[in-house]
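*Asks:* Let me give you the structure first, and then I'll get to my questions.
Every number in this text was worked out from the coordinates using simple rules, so none of it is lab data. Note that the coordinates shown come from a computational prediction; the quantities given were computed from them, not determined experimentally. Because the Cβ atoms are built from the backbone with ideal geometry, glycine has one as well, and the counts that use them run over all protein chains shown.
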Amino acid sequence: MATGNINVTAENIFPVIKKFLYSDHEIFLRELISNATDATLKLKHLATLGEVKGDIGDPIIEIKVDKKKNEIRIIDQGVGMTGEEVEKYINQVAFSGAEEFVEKYKDKVEDSGIIGHFGLGFYSSFMVADKVEIFTKSFKKDAKAVRWECDGSPKYTLEEFDRKERGTEIVLHIDEESKDFLEDAKITELLTKYNKFMPIPIKFGTREETLPLPEDAKEGTEPEKITIENIVNNPTPAWTKNPKDLKDEDYKSFYRELYPMQFEEPLFNIHLNVDYPFNLTGILYFPKLNNNLDPTKDRIQLYQNQVFVTDNVEGIVPPFLQMLRGVIDSPDIPLNVSRSYLQSDAAVKKISSYITRKVADKLTSLFKKDRKAFEEKWDDIKVIIEYGMLSEDKFFEKSDKFAIYPTVNKEYFTWNELEEKIKPVQTDKDDKLVILYASDVKKQHSYIDVAKEKGYTVLLLDSPIVSHLLQKLETSKEKIQFVRVDSDHVDNLIKKEETKISKLSDEEKEKLKPIIEEIIPKETYTVQMEAMDSNANPFIITQPEFMRRMKEMQATGGGGMMGMGNFPDMYNLVINTNNELVGEILNTKTKKKQDRLIQQAFDLAKLSQGLLQGEELTNFIKRSFQMVK
Ligand code: ADP
Ligand code: MG
C-alpha cells in the first residue's frame, strides 16, 4: 500500500471547489458518467483495432445507490486504469485540471453563466462526497487491480486489491449536506436531464414490464410481468444517424422523446451535419408558435458528444432561432468560458452563421418543393422568419427565396411576384411602387373595400413586428413604400397625376372648414378637405402612416426612437367635398342643426374606426334615436 500527497499548491483545494460550484453540485454525476463513457468508448475502439484480447461483450454503465451506507457507485466495463495510470491521470492530471480551473475562475463567479457547466471532471465528485474510492482494473494484460481513496484532503491512498473484471467502479461516500442525491427520484431526474442520449447504455435498477398477451390466451388471463434492467438512455438518438435513414415519423418521434410534455407536433425539421471547419450535428424543429408559448420551456438543447450541457444557447444560435426547438451537438463549442467571450469567439460565430444558412436553405427547399403546404404553414412560421429578416442580414439577403406576402384574399406572393403584379396599377406619379397593406381585416374593412374597388392589391401583414420589417424593406429595396389602407383616403394612398374636380368651390371649402373645426377636438384631428368620389363616405378618419408606424415600432422595441412614446395618437379627418351630405351641412341655415349633423357624421366616421367609446358612444346612440324619431 502506498500513501502520498496529491501534488497541490493550494493547501486544500476541495473546499474551494465545493463553494465555487455551489449551485451546480449535481453535475458530479454527469462528469463521472462521462468518464465511464469515455473509458468504454476507448475500449470499443481498441477492440476494433485488435488491441483488446477476447470478446468485450456489450459493455454498459451501471449506477447503484445504497441509501443505508450513503453510497453512490458508478460502475463501468471500460478500459480501467493501472496503478501508474491512477497516479498519473487522477493524482496529477485530473487534479491539475481542477486546480487550474479554480485558479482561473475563482474571481469570476458572477460571470459563471456557462462556466458552471464544465471543467472539473473527476474532482467534481468532492462536491457531494467526503470520501471517494476508485476500484479499477485495466484491460491491459497482467494488470493488477488497484484501489484509490481520498477524503478530500491532499492525501491519498493507493493499494493493490483483488478483482477479476475489467473496468472501473467509483464509490462516492455522500456527505451530510448532499443526502438528497441518495434518492432514486433525484438520480433518475439527473440521468434524464444529462444522460438521456449518451452513447453507452446506462442501467439504473430494474423495472417491471408487462408482456403482451399471446393471441390464443384464454379470457381473464393475467398478462405476464417480467423484471428487466432499467436502461435510462437512448444511446443512438436521431441526430447521430444519417438523415437518409430517417423518415418523417422518426423525426416526430424523436421530438416527443426530447420534449415528452409537448403535445403539439413540430411543423418541420432541419437536420444539421457538418464536420469541417467545425464539428456539429443536430436537429432543429420549427414549432407551431401559439399564444401560450413559454420561451423558457422546451428550448434548444446543447450537447457535447451526446452529453447534455445546457438548454441556454444564447450566443451560439442567433436570437431569432432561439425560438426553434431541438438539439445541437458540437465538441467545438468552448464551454468553460463566459457568454460574452462566446459571442466573440470565431468558431462560435461560424457555427451561428452556418445554422442560419441551413435554416434559410431548408426554407427555400420547402417552399420550392411544396408551395401550397408552405403557404399553409406561413402563419405559424412568419414571426420567426420576419424576426430573422430583421436581425440577421445574411438571412435577409436570402429571404426573397422563401418569404411570402399574403393578401387579404389569402393569395400569396413572393417579393418578385408581388412587384410584377402591382407595378402597372400601384406606381405613383414619382415612379414609386406603393404597397398597400392592412393589419386587421375586420377593423379596416371599409378601407380595404375601396382599395380593392380601385383594383389595388392589399396585403395582410399582421404580425407584431411588421412595422420594423416594412422599415427594413423600404430601406433595402429600391423605390418602394408601404402604406396602410387606412392611413389616407384612397386617392391619396397612391398619388397619381390626375386631380378630381370638387363640387364645392374653394370659397365654400374655406367657409366650411372652420365650422367643422369648431366641433371636433383639434388636438387630435386635422381637418383635410378632399374631392373624392361622390359615393365615398362624407367623413373619413385616417391615421398617417409615418406617425403610426413610429409608435408601433417603439411599442415593439425599436431602438433610437426615444421620446416618441409620449406622442398622442394623431388622426386626419378627411371631408369628401363631393359627397352630398357635405354640401347639405354647408347649406344648413340653423346653427344647431348644422352642429348636430357634423357631430353625427364625425361620430359615424369614428365608429367605423372603432374609436367611439364610453360617454361619446352613449351620446351618439341617444342622438341617433332622436334623429330617427
Ligand atoms: P477528463 O475526463 O477531462 O480527462 P477527468 O478529471 O474527468 O478529466 O478525468 C481524468 C482522467 O482520469 C481521465 O482522462 C481518464 O484518464 C481517467 N479516468 C477517469 N475516470 C475513468 C474511468 N471511469 N475509467 C478509466 N479512466 C478514467
Ligand atoms: Mg471527464
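*Asks:* Can you find, among ILE519, MET550, SER624, the residue sitting farthest towards the positive end of the charge dipole of region 506-627, where Lys and Arg contribute +1 and Asp and Glu -1 at Cβ?
*Replies:* Of the options given, the answer is SER624.
*Asks:* Report the antiparallel proportion of the DSSP beta bridges in region 506-627 as a percent, rounded to a multiple of 5.
*Replies:* 40 percent
*Asks:* How about LYS477: which lysines have a C-alpha closer than 18 Å to its C-alpha, ignoring those fewer than 8 places off in the same chain?
*Replies:* Within the straight-line cut-off, LYS477 pairs with LYS394, LYS398, LYS401, LYS421, LYS423, LYS432.
*Asks:* Here's another thing I want to ask about it. Helix check for the chain. Which DSSP H runs span at least 18 Å along their own axis by Cα, with a mean Kyte-Doolittle hydropathy no less than 0.0?
*Replies:* 27-48
*Asks:* Once you list every other residue whose beta carbon is under 15 Å from the beta carbon of MET550, what net charge do they have if Lys and Arg are +1 and Asp and Glu are -1?
*Replies:* +1
*Asks:* Here is a follow-up. Using only Cα atoms, locate the centre of region 479-548 and the centre of region 364-389, then give the distance between them in Å, rounded to an integer.
*Replies:* About 38 Å separates the Cα centre of region 479-548 from the one of region 364-389.
*Asks:* Would you work out which of PHE413, VAL425, ALA451 lies farthest towards the positive end of the dipole of region 384-469, given +1 charges on the beta-carbon of Lys and Arg and -1 on that of Asp and Glu, about the Cα centre?
*Replies:* ALA451
*Asks:* Would you be so kind as to identify which of ALA601, THR364, THR40 lies farthest towards the positive end of the dipole of the chain, taking Lys and Arg as +1 and Asp and Glu as -1 on Cβ and the Cα centre as origin?
*Replies:* It is ALA601.
*Asks:* What order do you get for HIS445, HIS468, HIS173 when you list them from fewest to most C-beta neighbours inside 10 Å?
*Replies:* HIS445, HIS173, HIS468
*Asks:* Let me ask something else about it. Is there a quick way to get the dipole size of region 238-374? I mean about its Cα centre, with the Cβ of Lys and Arg at +1 and of Asp and Glu at -1; what is the value in debye to the nearest 20?
*Replies:* 520 debye
*Asks:* For the pairs LYS252/LYS369; LYS203/LYS225; LYS42/LYS69; LYS67/LYS137; LYS454/LYS509, note any where the Cα-Cα span goes beyond 23 Å.
*Replies:* Exceeds cut-off: LYS42/LYS69; LYS67/LYS137; LYS454/LYS509.
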